[in-house]
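Please read the structure below before turning to the comments.
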Amino acid sequence: EMFDHAYNSYMDYAYPADELMPLSCRGRLIMILYKVLLNKLDEFEEAVKKTVRDVRFDNDIVVSVFETNIRVLGGLLGAHVMADVLKQRGERMQWYRDELLHMAKELGYRLLPAFNTTSGLPYPRVNLRYGVVNPLSRTGTESDTCTACAGTTILEFAALSRLSGDPIFEEHARKAMDVLWEKRQRGSDLVGTVINIHNGDWVRRDSGVGAGIDSYYEYLMKAYILLGDKVYLNRFNTHYSAIMKYISQPPLLLNVHMHNPTINVRSWMDSLLAFFPGLQVLRGDLKPAIETHEMLYQVTKQHNFLPEAFTTEFRVHWGQHPLRPEFAESTYFLYKATGDPYYLNVGQSIVEKLNTHARVPCGFAAVQDVRTGTHEDRMDSFFLAEMFKYLYLLFSEKSQLPINIDDYIFTTEAHLLPVSLSTTQPPCHTNNTEPQAHEDDLFSYSCPSAQTLFPNNPTFAKTIRDSYKYLTGVGRAQQASPVRGIELPLHDMGLEPIEFLKSMGISLTPLTELVSASQGSAFQDSQKGVYKLKLVAEVSQTPEHEEVVPLIVQLISPPFLGRTVLTAGSAKFGMDLTKQEHGVKGSIVKSVPYTACGPIENAVELQGHIALALRGDCMFAAKARRLQEAGATGVIFIDHREGSSSAETPLFQMVGDGEPTNDITVPLVFLFSKEGATLTATLQEHHNVDVLLLPKEKQLGKEKPEKLNIKFRLAKEGDFAEGETESTTIQLVLEQSETDTETNNEAASLMRENQETRSSPQKDPESSP
């Protein structure tokens, strides 16, 4: 029902556009394989006809090679395989003449120009009509690509070669995989995140299993399953040993430096690593899969969904959730491997949260920030292709499916390719890669077997999970904090106790109740002039996200003259604007290319100006370096997500790329798209626009509150200094609090001396704190 709601909304409001915008109910490829798994065979046949009739690839558009391969090419191949199965049964699809396969082959040829590099690693983008080198292509200037982008074509390209009989696709995909393998760091057997497509040098050397690398590891394992080539398994096992040695810190998976893997390069994880427990299940390594999956489940309990990034303390680092399916994918694989009904309950929680927090009248909307629950006007095609498929299969029995699911392997976009391709179709003729020597372990050639790993122990999964049950604190019974007495030697510091601690970086939350008599007696006075204070305090949790100092972009040239002020976020690198007394002033110029992810083409124009650059395609730090080298005196990044605004989304700080960022010295600010649209529209209308980048509290023209200085001193009642009178003096009465009955002699004596002053507003300074 959930799939029908999403799919029918797409067909009603968006088809034949690429994707549905579920809040505005309009369009912005069509994933049809799922209809077969649902046994909706009539709807599947109709969807195939519409695809053949309406989809054309001879278009002057620049597309991502990675996304087009996994979403479009994989979807066509999976649908062709299903159409052929139904036709062979003789019940339907008798009209089908491999039209989807022919479309897939045409698309494959249109993607091939991207592989025309000196290394064999593909360009990240290609023009479907003009390729890469054609002057009309509007691409081909990129020099870098991510490891996953280059290493996630072998399943689709090899299947296309073996189904069509043309080996060129598998040859190019294999060559890219060979290059990545050769470029691994030989000491650690890890790969980096971004690589130069021309010379094979690593651009970003942080290594993990999440964004930028994830599906490269996935496709090594699955290439062995699909194609039967042991070379891929040997490579995967080598990488996997390195991952478990350096990156896996159960239940966490933390990025490290590929050349020095004992060093963590960041303290947060991204949500794409949620696929990894499922991959570990395929390898048969169930214990770490259960551990990491349980950690992820605890995070979803805390935030409803997995944030795009979260810290090692499980706080939100980046709050967006575009309805990613990786957690549901791993849940499905763990249930199939263990048969533990616990994972059915996890699946049920996913279903309920989607219906409660993401369902809208025209489909399901991405969550802009898990902390606020605000929606984003997007429903990516992977949501249809993957999420409902894994959830439906999780709750289904094999007998309810029209195909034997074990005869197929899932691509990274959850399209099904038959494992029979390893035997019924010839392999690539140019496979000359020698197998790598690797020390085998229990899981090197095994399928997952709970009975082998945990014989006669059906509760093994629960035993592992219980260690991480209260990892994030959710569900744990609240217990009163133990109360402790703190002895504070204040001497002549002139600071009150809490302020004294604050000066040392310690924050205390005073409680309302004092220590009960049963928890101790009054403090012992060890020396004269030392005031003993009993503080009852508990450690309070720090906020879920770091406090971000709001910055502004203030338009100061005519006709604005400071009246237009745009709220901006800051960066954890570059110039610290809070330390600039008057901010940074400059006129703004758009970067060309706008994303600043390639060579800057308008460096002369940018010289001495503040650059505007669009978020996306590469890291903030990479953009900043290019623009700084081009002569920009500052950078304003603008969000590429349509409709985002500072009024609806909490500000965040831009982070670096895992490499040192000391070389970046220009100021950097971030505008959400609504504020960015105001700025770009102003630039388009007035051409010459001056802005001021500064903290919000230093905004030009803003009235500053008057400060009132209050001076405190201890004195006897009526003892006024020169110029003071009773009418102009605030008198603070310091009263002795009640003490325990078991006070020592010295404390009791001190109390008797002060007893006479209880009714008067003054105390002797010699005996006062």
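If the condition is being open to solvent by 20 Å² or more (accessible area, probe 1.4 Å), in contact with a Leu (Cβ under 9 Å, 6 or more places away or on another chain) and under 20 Å from ILE213 (Cβ atoms), then segment 57-76 contributes only ARG71.
Filter segment 34-57 down to residues that are closer than 16 Å to GLU99 by Cβ and acidic (Asp, Glu), then give me how many there are.
Restricting attention to segment 34-57, the residues satisfying the condition of being closer than 16 Å to GLU99 by Cβ are 44-57.
Filter once more, keeping what is acidic (Asp, Glu): 45-46, 54.
Here the count works out to 3.
Here is a yes/no grid of residues against (1) in a loop (DSSP other than H, G, I, E, B); (2) under 17 Å from VAL52 (Cβ atoms):
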site	(1), (2)
VAL81	no, yes
GLN88	no, no
ARG92	yes, yes
TRP95	yes, yes
LEU107	no, yes
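The single condition among (1) open to solvent by less than 30 Å² (accessible area, probe 1.4 Å); (2) over 30 Å from PRO135 (Cβ atoms) that MET103 does not satisfy is (2).
Of all the residues in segment 586-635, those that are touching a Leu at 6+ places or on another chain (Cβ under 8 Å), part of a loop (DSSP other than H, G, I, E, B) and more than 21 Å from ASP663 (Cα to Cα) number 1. Would you be able to say whether some residue in segment 404-413 is modelled with pLDDT of 90 or more, in a helix (DSSP H, G or I) and over 22 Å from GLU329 (Cα atoms)? No.
For segment 253-281, give me each residue that is touching an Asp or Glu at 6+ places or on another chain (Cβ under 9 Å) and closer than 12 Å to GLU329 by Cα.
Let us first name the residues in segment 253-281 that are touching an Asp or Glu at 6+ places or on another chain (Cβ under 9 Å), namely 255-258, 265-267, 270-279.
Residues satisfying the conditions are LEU272, LEU273, ALA274, PHE275, PHE276, PRO277, GLY278, LEU279.
Of the set (1) under 29 Å from ARG465 (Cα atoms); (2) open to solvent by less than 10 Å² (accessible area, probe 1.4 Å); (3) not in a helix (DSSP H, G or I); (4) not acidic (Asp, Glu), all apply to THR262 but (2).
Among the criteria (1) aliphatic (A, V, I, L, M); (2) touching a strand residue (DSSP E or B) at 6+ places or on another chain (Cβ under 9 Å); (3) under 17 Å from LEU417 (Cβ atoms); (4) surrounded by fewer than 23 Cβ atoms within 10 Å (Cβ to Cβ), the one ALA17 does not fulfil is (3). Can you confirm whether segment 88-96 contains a residue that is among the basic types (Lys, Arg) and closer than 18 Å to LYS389 by Cβ? The answer is no, given that none of the residues of segment 88-96 is among the basic types (Lys, Arg) and closer than 18 Å to LYS389 by Cβ.
In segment 145-157 there is no residue matching the filter, namely being surrounded by fewer than 21 Cβ atoms within 10 Å (Cβ to Cβ) and out of contact with any Cys (no Cβ under 6 Å at 6 or more places or on another chain).
With respect to (1) over 21 Å from the mean Cα position of the chain (by Cα); (2) crowded, with 22+ Cβ neighbours inside 10 Å; (3) modelled with pLDDT of 95 or more, the lone exception for ASN196 is condition (2). When we screen LYS245, LYS222, LYS230 for residues that are open to solvent by 20 Å² or more (accessible area, probe 1.4 Å) and within 23 Å of ALA176 (Cβ to Cβ), the only hit is LYS230.
Tell me which residues, restricted to segment 158-193, are among the polar types (S, T, N, Q), surrounded by fewer than 24 Cβ atoms within 10 Å (Cβ to Cβ) and not in a helix (DSSP H, G or I). Of everything in segment 158-193, those that are among the polar types (S, T, N, Q), surrounded by fewer than 24 Cβ atoms within 10 Å (Cβ to Cβ) and not in a helix (DSSP H, G or I) turn out to be GLN185, SER188. Candidates are the residues of segment 109-131 that are in a helix (DSSP H, G or I) and among the aromatic types (Phe, Trp, Tyr); the one that is most open to solvent (accessible area, probe 1.4 Å) is TYR109.
The values are calculated or read from the model by the stated rules, or taken from the named source; none is laboratory data. All values derive from a computational prediction rather than experimental measurement. As a convention, Cβ positions derive from the backbone with ideal geometry for all residues, glycine included, and neighbour counts pool all protein chains shown. All accessible areas refer to the heavy atoms of the entire protein, side chains included, with ligands and DNA or RNA removed. Shrake-Rupley method; radii C 1.70, N 1.55, O 1.52, S 1.80 Å.
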